[in-house]
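Student: If you scroll down you'll find the structure; I have some questions about it.
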Amino acid sequence: MEKTLLKSPGVKIFPPGKSLGPKVKLDKLTSVTFPDNQTNALLSPVVQATLVDKKKLLIKAVVFIAPEEQNGLDFDIYQNCYVDIEGKPKLQFFVCYDLKDVVGKIFDIYEVSFEAKQIPFEGGLSQIKTIETFLWDVDPIASRGTETNVQAG
């Protein structure tokens, strides 16, 4: 019997949506230790979203990356817009990088800041009440995410 592979080894799978490109700001803040960690699963990001003047949506996310994974660390942010079952526009953001298969005990904390691109719906970004933000492995083992309420600026 032959094995059927769904994905060729080394092939990167990118999330839905479009890259926000080089305007993404990434800052290393500090580190945190989880000495009893026994898994290489991703930690969910911590996210804040603020709507400014009903036209600019600013997002700050904190992501946790094991230092062993940082050799050649390369982040990219993808924005995906879709319509939910009730006809309301929704936004998803994917913080992408290539996860190495390590069980981290120490995690460096990075702050990622970016601005959402406009969406093709009446009312634009002012219609967005929540966003979903995911840490996405482009060579997938797993992805983790969180839903965040949008605050008024």
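The values are calculated or read from the model by the stated rules, or taken from the named source; none is laboratory data. These numbers were taken from a predicted model, which means no experiment stands behind them. All Cβ positions, glycine included, derive from the backbone under ideal geometry; neighbour counts span all protein chains shown. When the accessible area is computed, the model is the full protein with side chains, heavy atoms only, and any ligands, DNA or RNA have been set aside. Shrake-Rupley method; radii C 1.70, N 1.55, O 1.52, S 1.80 Å.
Student: Counting only residues that are under 23 Å from Pro22 (Cα atoms) and crowded, with 16+ Cβ neighbours inside 10 Å, how many does segment 72-89 have?
Tutor: 5
Student: Looking only at segment 81-132, count how many residues are over 16 Å from the mean Cα position of the chain (by Cα) and not in a strand (DSSP E or B).
Tutor: 23
Student: Suppose we keep only residues that are in a loop (DSSP other than H, G, I, E, B) and of a type in the set (D, E, K, R) within segment 19-63. Which one would you say is surrounded by the most Cβ atoms within 10 Å (Cβ to Cβ)?
Tutor: Result: Lys54.
Student: Which members of segment 101-115 meet the condition of being closer than 30 Å to Val83 by Cβ and either acidic (Asp, Glu) or free of Cβ contacts under 8 Å to residues at least 60 places away in the same chain (or both)?
Tutor: Hit for segment 101-115 is Glu115, nothing else.
Student: For segment 50-71, give me each residue that is at pLDDT 90 or above and charged (D, E, K, R).
Tutor: Matches in segment 50-71: Asp53, Lys56, Lys60.
Student: OK, next. Name every residue in segment 1-18 that is at pLDDT 80 or above and open to solvent by 80 Å² or more (accessible area, probe 1.4 Å), in order of residue number.
Tutor: Scanning segment 1-18 gives Phe14, Lys18.
Student: Then there is this: Report the residue count in segment 34-53 for those that are on the phi < 0 side of the Ramachandran plot and among the acidic types (Asp, Glu).
Tutor: Number of matching residues: 1.
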